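Remarks on the structure that follows.
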Amino acid sequence: MEPPAGQHRPHAPPPSLWPVGFAVGIAVLLTGVILGWVVVAIGALLTAIFGFLWVRDVTGGLRTVPDVEPERREVAPPAAPIRADEGGAGMVASSESEIERFPRSKFLEGATLGLGAAIGGVVTAPVLGFAVLPAFRGGEHEEVDVGAVDDFPEKEWMITTFRLDPDLGDVTARTAYVRNNGMLDGRPSFTIVSNRCVHLGCPVQPNGPAEDKGTQFDNKGRPNQVIRVPTKPAGFGCPCHGGQYDTEGNPTAGPPVRALDRFEFSIRGGRLFIGKPYSVGGVRGEAADAVIRRYDHVLPGVHVEGPSALMYPLEPPR
Ligand code: FES
């Protein structure tokens, strides 16, 4: 029924800024997937707050109890008794005001919102899953036993090839240049430099002879095989674009953007274990006296220091 003039009420919710805040929250959340967990948390908080306010706004009409005129009844004089087989139907038909209490527009509004939310959830969940979950997996890195400490003569380099995951075979093979620096504060000191060029990832080579005769194997022919080849590098060179590094991994020529990555290590039971890789801004000093500017491990080509580092804030999850 057409309401009386001047009493039209729009079915749509009033204009609101909550959707804008919600969208900003989603944008911050997705950006945080790349930038870091603090930003993800801020995005999630904004999304939750603005989403809640938006839904509350939109569904306000459903929760409002309409003003209902108090029921008035004329006290009718008692009816004269009638016979059981006389009279009309016992049920009273719904009044028009009761039908209007849940108008169709309200139902459609709620149904549209619910359907939209369901479709949004179905579309968004897999995307967020693929984007967010890899970062939670943390890229765990098992330590790898690469031989007895005595297999690495002091002050000498060994080209050491090992498999991060023996079950996956050569696809996880890595090579590091390992030098035993002798003792530091009563504990063995090692320099372990990755052979992955920090320009575009080609394998850097030692600038000096490898001594094939001295090749050593651990677990030869087995999945966890380790190969050690002595070498006497004057530095390292990359065959792809001519990048050059000194023996501490500092770039000395060509396009590399930082020092060569290194690996953590530990000694257990007289054996050397290679751990997680990390990135290096540069190295001052050498061997056991080296002072290393260490950073989280990033991809080749990524600057880690100076104004240039600001140009590389986004690192895809691995
Ligand atoms: S990949 Fe090494 S210099 Fe380009």
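The values are calculated or read from the model by the stated rules, or taken from the named source; none is laboratory data. If you're wondering where the values come from, they're calculated on a predicted model, not measured in any experiment. When the accessible area is computed, the model is the full protein with side chains, heavy atoms only, and any ligands, DNA or RNA have been set aside. Shrake-Rupley method; radii C 1.70, N 1.55, O 1.52, S 1.80 Å.
Assorted remarks:
- Nonlocal amide H pairs with PHE190, under 5 Å, H built at 1.01 Å: ASN181
- Under a 5 Å amide H cut-off, with hydrogens placed 1.01 Å from N, PHE265 pairs with GLY275 among residues at least 5 apart or on other chains.
- Residues with amide H under 5 Å from that of GLY282, placed H, sequence gap 5 or more: ALA259, ARG293
- ³J(HN,Hα) computed for each position of the range 277-282 - Karplus, 6.51 cos²θ - 1.76 cosθ + 1.60, integer Hz, glycine/proline x: x, 9, 9, 9, x, x
- Each residue of the range 143-150 was assigned a 3J(HN,Hα) from its phi angle through the Karplus curve 6.51 cos²θ - 1.76 cosθ + 1.60 (θ = phi - 60°); the sequence is 6, 10, 6, 10, x, 6, 4, 5 Hz, with glycine and proline shown as x.
- SER308 exposes around 50 Å² of accessible area when a 1.4 Å probe is run over every protein chain in place.
- Rounded to the nearest Hz, the phi-derived 3J(HN,Hα) couplings of the range 257-267 under the Karplus curve 6.51 cos²θ - 1.76 cosθ + 1.60 (θ = phi - 60°) are 9, 7, 6, 4, 4, 10, 10, 5, 8, 8, 10, where x marks glycine and proline.
- The range 196-267 and the range 139-183: distance between their alpha carbon centers, rounded to Å: 11 Å
- With DNA, RNA and ligands ignored, accessible area of TYR295 (1.4 Å probe; Å², nearest 10): 80 Å²
- In Å², nearest 10: area of MET311 left accessible to a 1.4 Å probe: 150 Å²
- Largest-first ordering by accessible area, 1.4 Å probe, given options LEU108, LEU310, LEU113: LEU310, LEU108, LEU113
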